[in-house]
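Heads up, the thing below is written out as structure tokens.
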Amino acid sequence: MTTGKYPILFEPVKIGPVTAPNRFYQVPHCTGMGYLRPRADAALRGMKAEGGWGVVCNQETEIHPTSDLSPSPEGRLWDAADIPALRLMTDAIHKHGALAGIELAHNGAHAANLLTRAPVLSPSGGTINAMHPKQSRAMDKADIRDLRRWHRAAARRSREAGFDIIYVYAGHEMTLTQHFLLPQHNQRSDEYGGTLTNRVRLIRELLEETREEVGDTCAVAFRFAVDQMQGDAGMQATGEGREVVQMLADLPDLWDVNVSDWANDSATTRFQPEDGYQNEYIRFVKDVTQRPVVGVGRLTSPDMMVSMIEKGIVDFIGAARPSIADPFLPAKIREDRIEEIRECIGCNICVACDNQSIPIRCTQNPTMGEEWRRGWHPEQVAPKGAAEAALVIGAGPAGLECAMQLAKRGYAVTLADAREDLGGRALREGSLAGLAAWRRVADNRLHDLRQRANVSIYVQSRLSAAEVAELGIANVFVATGATWRGDGAGRTSHGPIPVDGAMRVLTPDDIMDGTVPPAGPIAIYDDDPAYMGGVLASQLAEAGRDVTLITPAPIVSPWTEMTLEQERIQTTLVALGVQIMTCRTLVRVTDKACVTSGVYGEAEQTIACASVLMVTSRHRDTALYDELAAMRAAGDIALDTLELIGDAAQPGLIADAVQSGHAAARAFEGDPAATDAAYFRREMIALADEGEHA
Ligand code: ADP
Ligand code: SF4
């Protein structure tokens, strides 16, 4: 088999009693599928194996009802009844020659046990890590013995389910083992508390017992957060983090190391633009252990991967997000198709799905999560049908994705955009502070389109309906996007807000077009739950402007809690001196001020400003589509297909626009399941006989 220009990445590596076929290691990551959607999860993991990942892991897997993460559908291995669902996954992974790993977890005081109503367990009792008005119970010796028994049983069942690598997991501040390790959580005075030796005791026992139970045929991996990124307040790679690795050095067969918590491990490019950003924390591990080491850090460049191996930082290239954005990343490196890699943009939409307990989606990879229910393959689309040509109007994320997939299918594709620079909002939002990586959504697709002989691209071509008719292409996809409103209409005020004509009102589009607000204080009215208001506030404040952010929400950019960014956004704005007014709605704008009231109509407050930046909602740009539809109805244009896609059809995330373009291209003369939810497969609950329990 060819190994391309990077043969070192394709060397097999032994992990205890098993051998990985190469160095590409999909570390455990959530999918929003888990025990609820096992077929979908199996197909997703199988796709990673098909794409060349030598090791494919599942996600944190509850070992007992006292670790109930409901409503999040994570992995579940409470008893033998959970084995068949996991077997689907190991079969799918093994089919392509990869090793299957399972991340056993007891989530302790991170699991609120909302379904089971079991007691929440923790080393010392107290509050819980989840946002629930509950407290945890300090574990006594019997509880610790139970936990060890549950973990042992789960390891045995993991082997029965076909897994090759079995984890003990102390990471993300989400597991009992890590809670025992950290003095912040562990104030015990017995042999499980106090000294580091005592705090490590439980991990040592679980590693030894897992080995005893399954270590003859399965590798035992330890996932360990070496640094909490809290400086002196937490565990550090230069202190106890290193000591833990020294104490346990060769006990596990593999060290899977990272930083905690999840927001640090899965940092977005907005706050952590560098790929390989964990290297400085994990580089000591290989000096301390003989065992293979896997590390992560949004690794997509094969040159960086090789250098990490040659410098002795890791043995395996770990990835969650890069494997989500491109399940075929290893295959593309092996086949010298580097420029075809769909690089993760670090936006954390994938993470947001898990946080919403819905199946995983990805901005860059619209097939993610659709492998089973819609039968989508990230690298394959059906060949074209009877039609010959298609016109795509608008080269934003939706238009680019639609054009690319239609071109892959073999149609003669004409792509036209009004602007000189193609990419639509991926490019425009990518020009904002911290969002540069988002341009990759456009770069990847434009690169693909420019290689293809069956694609004609027209820039600076704002098409009118008459011009579309002149082109004579019978299949038209309109991806003309959406424009931010300046009238204040949004989630809170459903209609326009009264504005004095003397006040300068701006929109995010104005800022993205390069408009500089007039001198004087700027009031941002942010009635959009996502990132835009916070991004603009920080950009303007960084430019030295006096900014007040007014929002009806109780926190800034509330939806960004889903992407693990909210705290950082709000902290950054405070540090930049942005005045934040929460729970305030904009009532009217005078010539010199914004007048706000409390969300329940409390007393008005006036904020003097020289301009108002409205971040509220968007207008769909459907003028061209509407005109074409009217001409078609009147018989003035012969069109077989006229379809509105992307933000013009429904403003949403960039991920939604990409998905819309992708689905439309698949559905055209093809698969009805691509665009109609009524056709996709659902996982149905099997009704066991009453009283039946494995
Ligand atoms: P989406 O997110 O749905 O892809 P965007 O707003 O990112 O939407 O992109 C829409 C693109 O459509 C922009 O690049 C814009 O320049 C282009 N556009 C809008 N109207 C026309 C038109 N009449 N002819 C050609 N291009 C257009
Ligand atoms: Fe990367 Fe964003 Fe895709 Fe997640 S959703 S894998 S962060 S591109």
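Couple of notes before you dig in:
- Across segment 537-568, the number of residues qualifying as of a type in the set (A, V, I, L, M) and closer than 16 Å to residue 262 by Cα comes to 2.
- Residues (under 17 Å from residue 447 (Cα atoms) and more than 16 Å from ligand 1 (Cβ to nearest atom)) located in segment 336-377: 336, 337, 338, 339, 340, 341, 342, 343, 344, 365
- Here segment 385-397 is the region considered, the condition is being more than 16 Å from ligand 2 (Cβ to nearest atom) and not in a strand (DSSP E or B), and the residue that is nearest to residue 429 (Cα to Cα) is 396.
- Segment 146-174: number of residues that are part of a loop (DSSP other than H, G, I, E, B) and aliphatic (A, V, I, L, M): 2
- Residue identified as out of contact with any strand residue (DSSP E or B) (no Cβ under 8 Å at 6 or more places or on another chain), within 16 Å of ligand 1 (Cβ to nearest atom) and touching a residue at least 12 places away in the same chain (Cβ under 8 Å) among 627, 561: 627
- Matching residues, segment 407-426, being of a type in the set (D, E, K, R) and in a helix (DSSP H, G or I): 408, 409, 425
- Helices (runs of 4 or more DSSP H) wholly inside segment 294-336 that include at least 2 residues being more than 16 Å from ligand 2 (Cβ to nearest atom) and open to solvent by less than 10 Å² (accessible area, probe 1.4 Å): 302-310, 329-334
- Scanning segment 518-543 for residues that are surrounded by fewer than 22 Cβ atoms within 10 Å (Cβ to Cβ), closer than 16 Å to residue 609 by Cβ and not hydrophobic (A, V, I, L, M, F, W, C) yields 518, 520, 521.
- Any chance residue 488 is open to solvent by 10 Å² or more (accessible area, probe 1.4 Å), part of a loop (DSSP other than H, G, I, E, B) and either farther than 17 Å from residue 646 by Cβ or within 16 Å of ligand 2 (Cβ to nearest atom) (or both): no
- Selection count where residues are open to solvent by 50 Å² or more (accessible area, probe 1.4 Å) and out of contact with any Ser or Thr (no Cβ under 6 Å at 6 or more places or on another chain), scope segment 591-617: 8
- Meets criteria (aliphatic (A, V, I, L, M), buried (at least 16 other Cβ atoms within 10 Å of the Cβ) and touching a strand residue (DSSP E or B) at 6+ places or on another chain (Cβ under 6 Å)) for residue 165: yes
- Here 455, 547, 459 are screened, and the one residue that is closer than 30 Å to residue 666 by Cα, in contact with a helix residue (DSSP H, G or I) (Cβ under 8 Å, 6 or more places away or on another chain) and touching a residue at least 12 places away in the same chain (Cβ under 8 Å) is 455.
- Pairs meeting the criteria (first residue in segment 43-67 and assigned to a loop (DSSP other than H, G, I, E, B), second residue β-branched (Val, Ile, Thr) and surrounded by fewer than 24 Cβ atoms within 10 Å (Cβ to Cβ), beta carbons under 6 Å, at least 6 apart or on different chains) are 65/116.
- Count of residues meeting criterion [buried (at least 23 other Cβ atoms within 10 Å of the Cβ) and part of a helix (DSSP H, G or I)] in segment 104-145: 3
- All positions within segment 214-240 that are closer than 16 Å to residue 297 by Cβ and either over 27 Å from the mean Cα position of the chain (by Cα) or in contact (Cβ under 8 Å) with a residue 60 or more places away in the chain (or both): 223
- Verdict on residue 424 being surrounded by fewer than 16 Cβ atoms within 10 Å (Cβ to Cβ) and of a type outside the set (Phe, Trp, Tyr): no
- Meets criteria (basic (Lys, Arg) and buried (at least 24 other Cβ atoms within 10 Å of the Cβ)) for residue 87: no
- Residue in segment 365-382 that is near ligand 2 (Cβ under 9 Å from one of its atoms), open to solvent by less than 40 Å² (accessible area, probe 1.4 Å) and under 10 Å from the mean Cα position of the chain (by Cα) present: no
- Options 281, 277; residue that is at pLDDT below 95, under 23 Å from residue 244 (Cβ atoms) and in a loop (DSSP other than H, G, I, E, B): 277
- Within segment 427-476, the set of residues being buried (at least 20 other Cβ atoms within 10 Å of the Cβ), assigned to a helix (DSSP H, G or I) and of a type in the set (S, T, N, Q) comprises 444 only.
- Looking across segment 456-470 at every residue that is out of contact with any strand residue (DSSP E or B) (no Cβ under 6 Å at 6 or more places or on another chain) and more than 11 Å from residue 417 (Cα to Cα), the one that is nearest to ligand 1 (Cβ to nearest atom) is identified as 464.
The values are calculated or read from the model by the stated rules, or taken from the named source; none is laboratory data. Not measured: the values here are computed from a predicted model. FYI the Cβ positions are ideal-geometry reconstructions off the backbone, even for glycines, and counts take in every protein chain you see. What goes into the accessible areas is simple: the full protein's heavy atoms, side chains included, and nothing from ligands, DNA or RNA. Shrake-Rupley method; radii C 1.70, N 1.55, O 1.52, S 1.80 Å.
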